[in-house]
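Below: one structure, written as structure tokens.
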Amino acid sequence: SKLAALFEHPLYNIPVPEVTEKDKLFIINPMEKFSLHSSGSDEWVSSSKAETLLLTGKTAYDAYPTWLKFHIGINRYELYPRRDPLLPTLLRDLARQRIISSVQKSGGTQLKLIMTFPNYGQALFKPMKQTRDQETPIDFFYFSDFERHNAEIAAFHLDRILDFRRIPPVSGRLVNITKEIRDITTDKKLAKTFFISPGGNVCFYGECSYYCSTEHALCGKPDQLEGSMAALLPDKKLAKRHSWRSPWRRSYHKSKKAEWELNPNYCAQVRETPPYDRGHRLLDLIDMTILDFLMGNMDRHHYETFEKFGNDTFLLHLDNGRGFGTHSRDEPSILAPLQQCCSIKKSTYLRLQLLATQPYRLSDVLREALAADPLAPVLAEPHLRALDRRLGKVLVAVGHCLAR
């Protein structure tokens with residue numbers, strides 16, 4: 001296994017700083033019992049009368065559902081640890097747990113659903129909109145592209161292979177539109193959009209600002225639909241998140257260019273602007289840039305951090321559905337922060353060099369990681385080959401910086 005060998009490599013065993021109480025997102029007593037709100041939300045509260053009877057010798061923590069252990073494990077330095085024993089169980093829960101509620105997520109440009117499980121865990125479901133081998137048409141603007149369910153799955157595994165671990169766990173899942181969405185939804189607006197197509201398939205389209213109409217309906221075969229299931233982060237009431245506008249955000253205009261596209265010295269003013277004027281925030285943003293370039297994702301207008309940790313923490317890499325849209329062409333402008341700032345973390349650079357070598361080739365380890373997903377093959381082969389080509393271009397860009 002190339003993947004197992006990669007994670008055993010010394011570059012993947014660099015210790016993280018010691019996690020103190022103030023570095024944890026939640027401070028809990030592992031002996032204390034918790035009960036979950038029966039409202040269906042993912043909030044949880046301390047309770048003197050726990051709903052679960054504990055087996056002899058076990059702590060209350062042992063009885064927590066996996067999603068809750070995931071939330072409790074988040075700290076200043078990582079969303080989940082490298083050798084996280086919870087990860088296989090959490091991915092399995094996302095793929096197999098019974099769905100007891102399906103409602104549309106408010107906001108956003110395309111249809112997404114919030115799925116709830118019997119243990120009060122929740123997941124964000126992005127449905128399949130196009131096949132694996134469909135490329136984004138060359139005349140499509142990045143902001144009018146489809147969101148792809150398989151891109152969300154592949155992004156999670158790629159992020160982990162790069163040792164960023166800043167994307168919540170994602171699994172593919174085959175959902176029954178009739179039993180797991182239509183028949184159990186309490187969302188009246190969503191319920192009104194179901195219909196049977198002329199081909200006899202169950203379809204729905206929901207309500208959103210793009211692609212929510214009968215012309216863009218999501219249809220099953222006859223009622224089986226692929227999608228990605230992403231573990232939700234803790235409720236924002238429990239763990240506030242700060243949304244940051246990316247300095248290299250695109251103009252989202254058909255003809256207007258952003259300032260960074262016109263000013264070759266743009267990075268100098270970014271370096272003088274908080275929060276990029278100190279700490280590792282700029283380097284973390286360049287990590288995200290490299291992830292996006294490898295995926296071909298041009299749609300990174302914002303990113304988030306947990307408010308509790310201030311500026312000294314990692315960036316959350318959320319919403320990756322517009323990655324992996326093209327394999328036949330690369331988008332060099334995504335690398336602008338790296339090229340203009342000529343900065344990169346040494347650890348990131350060393351791992352990229354490692355992933356360019358035959359024993360740990362990026363396409364091979366990602367292919368192996370994705371093979372375990374319920375919807376495998378997740379990516380068409382040309383997308384995997386494109387990763388190796390793009391990785392080479394990142395290393396060339398760093399080489400130019402070193403030469404300068």
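Here segment 64-84 is the region considered, the condition is being farther than 16 Å from residue 160 by Cβ and in contact (Cβ under 8 Å) with a residue 60 or more places away in the chain, and the residue that is farthest from the chain's Cα centre (by Cα) is 76. Contact list please: Cβ distance under 9 Å, first residue in segment 286-300 and hydroxyl-bearing (Ser, Thr, Tyr), second residue open to solvent by 10 Å² or more (accessible area, probe 1.4 Å) and not in a helix (DSSP H, G or I), pairs at least six apart or on different chains. Between residues of segment 286-300 that are hydroxyl-bearing (Ser, Thr, Tyr) and residues that are open to solvent by 10 Å² or more (accessible area, probe 1.4 Å) and not in a helix (DSSP H, G or I), the close pairs are 289/248; 289/300. Just one of the listed residues (336, 372) is hydrophobic (A, V, I, L, M, F, W, C) and closer than 24 Å to residue 248 by Cα, namely 336.
Would you check which residues across segment 85-108 are closer than 28 Å to residue 300 by Cα, open to solvent by 20 Å² or more (accessible area, probe 1.4 Å) and over 17 Å from the mean Cα position of the chain (by Cα) and list them? Correct list: 103, 104, 106, 107. Determine, yes or no, whether residue 251 is out of contact with any Gly (no Cβ under 9 Å at 6 or more places or on another chain), modelled with pLDDT under 95, open to solvent by less than 40 Å² (accessible area, probe 1.4 Å) and assigned by the TED database to the domain that holds residue 91. Against the criterion (out of contact with any Gly (no Cβ under 9 Å at 6 or more places or on another chain), modelled with pLDDT under 95, open to solvent by less than 40 Å² (accessible area, probe 1.4 Å) and assigned by the TED database to the domain that holds residue 91), residue 251 does not qualify. For segment 201-211, the count of residues that are among the aliphatic types (A, V, I, L, M), closer than 21 Å to residue 148 by Cα and in contact with a helix residue (DSSP H, G or I) (Cβ under 6 Å, 6 or more places away or on another chain) is at least one. Taken over segment 303-325, residues that are polar (S, T, N, Q), touching a helix residue (DSSP H, G or I) at 6+ places or on another chain (Cβ under 8 Å) and crowded, with 18+ Cβ neighbours inside 10 Å amount to 1.
When residue 118 is tested against (1) surrounded by fewer than 16 Cβ atoms within 10 Å (Cβ to Cβ); (2) touching a strand residue (DSSP E or B) at 6+ places or on another chain (Cβ under 8 Å), just one condition goes unmet, and that condition is (2). In the set (1) open to solvent by 70 Å² or more (accessible area, probe 1.4 Å); (2) more than 25 Å from the chain's Cα centre (by Cα); (3) of a type in the set (D, E, K, R), residue 240 fails one condition alone, (2). For segment 193-212, residues that are open to solvent by 30 Å² or more (accessible area, probe 1.4 Å) and either β-branched (Val, Ile, Thr) or out of contact with any strand residue (DSSP E or B) (no Cβ under 9 Å at 6 or more places or on another chain) (or both) total 6.
Going through 189, 179 one at a time, which residue ends up being at pLDDT 95 or above and of a type in the set (Lys, Arg)?
Only one candidate passes the filter, namely 179.
The values are calculated or read from the model by the stated rules, or taken from the named source; none is laboratory data. Given the structure is predicted, the values throughout are model-derived calculations rather than measurements. Note that each Cβ is placed from the backbone with ideal geometry, even for glycine, and that neighbours are counted across all protein chains shown. For accessibility, only protein heavy atoms count, side chains too; no ligands or nucleic acids. Shrake-Rupley method; radii C 1.70, N 1.55, O 1.52, S 1.80 Å.
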